[in-house]
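Asker: Dumping the structure here so I can ask a few things about it.
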Amino acid sequence: MDALIPASPLLIGAAQMVVVASTLAYTHKSSPLRLATLALIGVFGYYHYWSCPALSTSGLWNGTCAATNIIYCLHHIDLVILKRADHADLVDSSKPATAQGSAFLRALYLCFSTRSIRSKWQIGNVPAFPSYFRDTADPGRLSFLFRTAIIFAWQYLVLDFVDTAMAAQSPQEQQAAYGEGQEYILFDATREQLVTRLTTSVASSFFIGRIIMDFIYRAMALVAVGTGISQPLDWPPFFGRMRDAYTIRYFWGKFWHQWLRGPLSATSLFTSRSILGLPRRSLLEWYSNIFMTFTLSAAVHVANDVIAGKGIVTGTIIQFQGFAVAMLIEDAAQAVFRRLFGTAKSADSREKLRAPAWRLAVGYLWVQAVLFVVVPWYIYPSGRMPAGSMWTVPYSFVEVLGMQKAGAIIGGLLIFILAFLKPEI
């Protein structure tokens, strides 16, 4: 694949989208052509994955390209084979026949949206539009584009600033902060190592990691809404509110992006029910699905690591299993608490009352403790990559402006965003 060009992954991915969308729009649920589409998804997926190193000189973007490929393959298999979506599922029953849009375009959007936004398969806990929009049920196009563009510009500068700071690190500084094996040193860690571990777990979970993923999402939203391909309603917020992350289940189910949730949950449910035959709605099925979903997520991130140049990293696998174990411990602790004190179930119920302050405090400490332990297992190997090999933005304004001026602009934009754009934090 030496002859591949940077656009190769995009072209292969686009071809897969067109083939799958055509299958959904123009074939019946039980059509034998769907098996041919399944085979084509495998072919497209293989060539897309191995074309990702041609995308750029950034391990971060090449790895993200590879992970995206796998998720879309699982999503498309789910739509074509498991859910067997067809033309009837693409019709908007609330509109007359004369007002129906193109079935192919609706299918194309469904292929693109792993959260299945505005379809009968939409995942749960999709964040609501912020109060900035006068009508949160239907944000206006211009106001949506304005707000998204301002936040996107701020995110670009933040990532540029971080890139510049990381590139300036010497190999000795990298070794001191993220040296080989330091992610597993906990009880014997020095004060400096503990501080690095804390700042890394907080920054990657609530700041930089969130900004990188949200940055990609906003770029796609600007293109899709700006060109009129889709509506603002198709692009609800990618992340929830940090204040909701007071349990591990809520961290993953309400705060963190749900981009992988649909494809991974569909795959784990198919495995537990159709292959393993586990009793439906049983504790065995419930926790089997949790561990399978996190295992699948680990596999996707390992595939990311390979293309990014990190190789197969053990820490990636055990980090996601660590979250699954933490969720099991959390559920057990809450069950014991309810039995001892006779309180109503709260962490997974649809309760409207806010948890009391002391429970929130304990919850936040618990979540941060889990992040403190497991996140470095995944993040530290990235910190050991050669300086400049994991850049996030293609052009550096910070190098032109200087760190001081760029920092002032970032701070000014942040004040404007907080004061006028009403972000949900």
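FYI, it's all coordinate maths here, none of it is from the lab. Predicted model, so just to flag it, every value in this text is computed and none were measured. Counting neighbours? That spans all protein chains shown, and the Cβs are built from the backbone with ideal geometry, glycine included.
Asker: Considering the dipole of region 162-288 built from charges on the beta carbon (Lys and Arg +1, Asp and Glu -1) around the Cα centre, which of Ile185, Gly226, Leu269 is farthest to its positive end?
Answerer: Leu269
Asker: About the Cα centre, and with charges only on the beta carbon of Lys, Arg (+1) and Asp, Glu (-1), how big is the dipole of the chain? Nearest 20 debye, please. Before the final figure, lay out each step's value.
Answerer: Working: 35 positive and 25 negative charges, 317 e Å.
The calculation lands at about 1520 debye.
Asker: Now for a separate question. If you find the alpha carbon centre of region 146-181 and of region 374-425, how far apart are they in angstrom?
Answerer: Here the answer is 5 Å between Cα centres.
Asker: Shifting gears a bit: Kindly provide the helix-only [θ] at 222 nm of the chain, computed as the sum of -39,500 (n - 2.57) over DSSP H runs of four or more divided by all residues, to the nearest 500 deg cm²/dmol?
Answerer: Numbers: 15 runs with 251 residues, N = 425.
One gets -19500 deg cm²/dmol as the mean residue ellipticity at 222 nm.
Asker: Once you compute Rg and the Kirkwood Rh from C-alpha atoms, what is the Rg to Rh ratio for the chain?
Answerer: Working: Rg = 22.4 Å, Rh = 23.4 Å.
Computed over Cα atoms, the ratio is 0.96.
Asker: Residues with beta-carbon under 13 Å from that of Ala369, excluding Ala369: net charge, scoring Lys, Arg +1 and Asp, Glu -1? Don't skip to the end; give the middle numbers.
Answerer: Values: positive: Arg197; negative: Glu330.
Result for the local shell: 0.
Asker: With springs only between Cα atoms under 10 Å apart, run a GNM on the chain and tell me which of Val367, Val162, Val223 wobbles the most.
Answerer: Per the Cα network of the chain with a 10 Å cutoff, Val223 tops the list.
Asker: So, one more: Longest exposed-loop-site-free stretch of the chain, with GluC sites (Glu not before Pro), DSSP loop and at most 16 other Cβ within 10 Å? Don't skip to the answer; put the middle values down first.
Answerer: Working: sites that count: Glu180, Glu351, Glu424.
In the chain, the maximal stretch lacking such sites is 1-179.
Asker: Further question on the same structure: Might you report the magnitude of the Cβ-based charge dipole of region 1-112 about its Cα centre, with Lys and Arg at +1 and Asp and Glu at -1, to the nearest 20 debye? Working shown, then result.
Answerer: On the way: 6 positive and 5 negative charges, 52 e Å.
Magnitude of the dipole: close to 240 debye.
Asker: Further question on the same structure: For the chain, set up a GNM with springs between Cα atoms under 10 Å and report which of Ser116, Ser30, Ser51 has the largest fluctuation.
Answerer: Ser30
Asker: With a sphere of radius 14 Å drawn around the Cβ of Phe255, what net charge do the other residues whose Cβ falls strictly inside it have (Lys, Arg +1; Asp, Glu -1)?
Answerer: Working: positive: Arg210, Arg241, Arg243, Arg249, Lys254, Arg261; negative: Asp214, Asp244, Glu424.
Charge balance in the 14 Å sphere: +3.
Asker: So how compact is region 1-157: Cα radius of gyration and Dmax in angstrom?
Answerer: When restricted to the Cα atoms of region 1-157, Rg and Dmax are 18.1, 51 Å.
Asker: Then there is this: Towards the positive end of the charge dipole of region 1-112, with charges on Cβ (+1 Lys, Arg; -1 Asp, Glu), say which of Trp61, Leu10, Ala21 has the farthest Cα.
Answerer: After comparing all options, I get Ala21.
Asker: Moving on to the next point. Name the residue from Ile151, Tyr395, Ala335 whose Cα lies farthest towards the positive end of the charge dipole of region 126-421, charges +1 on Cβ of Lys and Arg and -1 on Cβ of Asp and Glu.
Answerer: Ala335
Asker: Here's another thing I want to ask about it. So how do 245-258, 373-386, 35-48 stack up, highest first, on mean other-Cβ count within 10 Å?
Answerer: The most tightly packed comes first, giving 245-258, 373-386, 35-48.
Asker: Let me ask something else. Report the local net charge at Leu421: Lys and Arg +1, Asp and Glu -1, summed over other residues whose C-beta lies under 14 Å from its C-beta. Please report the intermediate quantities before stating the final value.
Answerer: On the way: positive: Arg134, Arg147, Arg218, Lys422; negative: Asp214, Glu424.
That sum, taken over residues with Cβ under 14 Å, equals +2.
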